Amino acid sequence: ADHPGDGLFQPRPRLCRRAALPGQHGRHGCRARFSDTRGERLWHTALTMLWAAASLGVAAYAGNYLIVLVALSLAMAGGLSGIGPFQSLVSSFSRGAAAAGGLALVNTIGTFGGFVGPTVVGFLKAHTNGYGAAMAALATAQFVSALIVLTTDRAMRRQKIAASQAIASPKSRPSPTL
C-alpha cells in the first residue's frame, strides 16, 4: 500500500456484501437452498449482475469520492454475491463430462476477463484522464452479462414447455404388425 491507511479500505466491499446479502455467507446454504428449491438460480445470478452494473454506473457519474467508494463497494458486493449462483448454472445445463467442460469454459472466460478488464480500465483512464468511462464500460459489461443470463432463462423455459408438451401428447406411433 502506498499510504498506511489504504489497507483500512480493503475489507469494506466484503463487509458490504455480508450486510447486503446475509445468506451468502456463514451457513453457506441459506440463500443457495432458496435459489435451488425455487429454481431461481438464473434470477439470483442476473440480479446480482444488475446490482453490480447499477453500482458501477453510479460510480461512473458520481462527483463525490465518498459516493464513489460506497458505489464501488456495492458493485463488489454484487459481483461477489453472484459467483456462487453463476458457477452452479453450468451444472443446471449439463451433467458429467459436459459439466466439467462447461466449468472449464467458464473459468477460461473468467481468466480472459481478468486480463481484458484491467486493460480496458487502464486504456480508458489514460485516454480520458479519469475512471468514469472505465466504470461505465464495466457497468455496460455487467448489464450485457445480465441480459445474456435472462435470455438463457427464457430459452430454458421455452425448452421445458416444449418438452412437457411432447410428453403430454405423444406423437402417433405406427402399430406393430404381426
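Please treat every number below as a calculation from the coordinates, not as lab data. Predicted, not measured: the structure shown is a model, and the values here were computed from it. Here the Cβ positions follow ideal geometry from the backbone for every residue, glycine too, while neighbour counts run over all protein chains shown.
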Fill in: Per-peptide average of other Cβ atoms within 10 Å, ordering 69-80, 45-56 highest first
45-56, 69-80
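Among 110-120, 130-140, what's the highest-first ranking by average C-beta atoms within 10 angstrom per residue? Spell out each step's value before the answer.
On the way: 110-120: 11.5, 130-140: 18.3.
The packing order, highest mean first, is 130-140, 110-120.
Let me have the relative contact order for the range 43-178, percent, based on Cα pairs under 8 Å that are six or more residues apart.
Across the range 43-178, relative contact order equals 34 percent.
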Worksheet item: Per the Cauchy relation, a quarter of the hull surface: what is the mean projected area of the convex hull of the alpha carbons in the range 68-158, in nm²?
Response: 6.7 nm²
